[in-house]
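This report concerns only the one structure given below.
The values are calculated or read from the model by the stated rules, or taken from the named source; none is laboratory data. Quantities reported herein were computed from a predicted structural model and do not represent experimental measurements. Using ideal geometry, Cβ is built from the backbone for each residue, glycine included, and neighbour counts are taken over all protein chains shown. Note: areas computed on protein heavy atoms with side chains; ligands, DNA, RNA excluded. Shrake-Rupley method; radii C 1.70, N 1.55, O 1.52, S 1.80 Å.
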Amino acid sequence: MTEILSGAGEFLSQNSAAVFSWMTLVLRYVLTALALIVVWRTCKSLLDTEDDMEQWGMLSLPNGAKIPLNHWENIIGRSKTSDAYIEYPTLSRSHAAVIRDDKGSWHVHDLGSKSGVKVNGKEIAGRAPLKNGDILNLGGVELVFVTADAAAVSMQEKERARQQKQRRRETGLHPAGTLVYLTAFQVALGLQLCIAQDEALLPAVPLSFILLIGIMWLCYLTTRLLRRSAFEVETIAFFLCTIGLAVTASAEPDRLLRQIGFLAAGVCLYFLVGWFIRDLDRAVRLRWPIALFGLVMLGTTLVFSDAVLGAKNWLSIGGVSFQPSEFVKIAFVFAGAATLDRLFARRNLILFIAYSGACVMTLALMGDFGTALVFFVAYLLISFIRSGDLATVFLSVGGAGFAGFLAATLKPEVASRFLNWGHAWQAPNAGGYQQVRAMSAAASGGLFGIGAGNGWLKTVFAADTDMVFGMVCEELGLLTAAAAVFALFMTAFHVIRSSRSARSTFYVIGASAAVSILLFQLILNVFGSVDILPFTGVTFPFVSRGGSSLIASWGLLAFIKAVDTRRGASFVLKTPKRIAKQEARRSKNRAASDRRVKKPAPPEQPEPPEIQETEPDDYDSWFLE
């Protein structure tokens, strides 16, 4: 036995290069297969599981028909896009809005209708509270307002639970099963990097992948402890982070543990933001202080930072450098997402336009035109969702085009990027230096790549940040890179699909803005690398090396999670059953408080007058009269 083992060891030592080459070849195909399986299972789970339409109340018409109120903000009108569509000529297209706050109180808002709004026969001015059983009169149409009781909510919850279990039995796609495939992908990727580095292997390489797996499963167990079963959005984020960790291990392995620290911080921020926006009253109340803090961060960066490659977008505090603009994205989403009574205030929209202009102009002065473009696209989306006014969007695009023309005229580096756009091969060692090398590396990788850690593009400046798509294509193959791109696009599709049944407009706008930021960054990074769009130098979300971008991407992911109303999907949202229990508890406390109030003391009764005893002769004279 000893001779056999010694012979095997001698054979491996003599043929280690051949063995490692064979293992790398096998792992290339295994990694691609695992990546496709993870993305396929995650996307299929997102598509197969239908979003639950929650019912929070209803409007009863005189003919007995009932219109459900499926959101916390419901527009009533004769427009077919209204949440409560009533085809009646005396109603305005957007006549009124019935809005529920986070504590269960309802209000009705007149949206500038011609015929006005009455509650129990009284005309309202602006807004008025609504209670169960109140009669609304909208343009001569009487509607009885009815709120959903705790029993109905409980029945809905039980039915959704039954349907979800049935769907899981039919598809067999459990989140834990997908995580097993992703864990296998992470192990195989770490093994391939260890083989590629051979004698130069750093202990941080295997350790970082072990920590990555631990953080991922800890995050999953945390969501399970919160009684949430869906994990698709987080799976996509961890899949992209795994690719990003491989990129860092290949290009700068000495920064691996720092990258793992950034990942842990990002996951913590994800849960923190989710907890924060769980209370809508708190989120709306503090969004402008947060927005102002973001603007102050941008101004501080503009004043105190030093220019790096023509852009003043890095700030150093205590020896730690970071990009404040990445974290301002979260503040920007907070400022754009409005709900409850602020939803229909035009003044609020004007303030957001002014805030967006200040952010974009500050970024332009900093020379960070790529991030300024990302902010502008997010602004266009939010302003259109908020107002539905295409004229505002077109005017904004026209103003941005004029600002871009001025920037190209006054900033030579901006003009050079546009001049080199589409002509990278004509100046391969000048303006098209990075794009040419990114395209060459991507082409050399083929469908399955040449193996993690074996590429040459990592020696080019910014290969693991601005040109990371080319590096992923070279080392892991076009199929894996395409799977990463497809996963983010499916996340955007999931947000669009979930917005129809979302609980609150705050979550719809927040998720739409967050996914637009991530998706547009992806487009600029990928298409800029292959010279389809101008090279702007923005990051690939979750994949590009760097702490600011990674942490901010996880923070934005919390908004995407909040729009998901599938049962057990989002820890950001309280379950309808829990909300019903809280409302019942509040009602009970109010009733107990009313009973504790002392009844006013009855008014004092005047004492009866004293009867004066009369003398007998006086009495006789009175009687005789």
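Take D134: with every protein chain present and a 1.4 Å probe, its accessible area is about 20 Å².
Note on W456 and R497: the model spin-label points, each 7 Å out from Cα along the C-beta direction, lie 4.3 nm apart. With 25 Å as the limit on Cα-Cα distance, the pairs of K103/K561; K66/K131; K80/K561; K44/K66 that go past it are K80/K561; K44/K66. Entry comment: accessible area of the stretch 15-141 is 49 Å² per residue, from protein heavy atoms only and a probe of 1.4 Å.
The accessible area of R228, taken with all protein chains in place and a 1.4 Å probe, comes to roughly 20 Å². Calculated on the alpha-carbon coordinates, the convex hull of the stretch 489-556 measures out at 90 cubic angstrom per residue. With the convex hull of the Cα atoms taken as the outline of the stretch 418-464, the averaged projected area works out to 3.8 nm².
Largest accessible area first, the listed residues H107, H174 line up as H174, H107 when surface is computed with a 1.4 Å probe on the assembled protein chains.
When C268, C473 are compared by accessible area of protein heavy atoms, the largest-first order is C268, C473, using a 1.4 Å probe.
Of the residues I124, I290, ranked by 1.4 Å probe accessible area with the largest first, the sequence reads I290, I124.
If the chain linking F486 and V320 were pulled fully straight, counting 0.36 nm for each residue of separation and taking away their Cα-Cα distance, it would gain 56.4 nm.
For the stretch 427-577, the solvent-accessible area of protein heavy atoms averages 26 Å² per residue (probe radius 1.4 Å; ligands and nucleic acids excluded).
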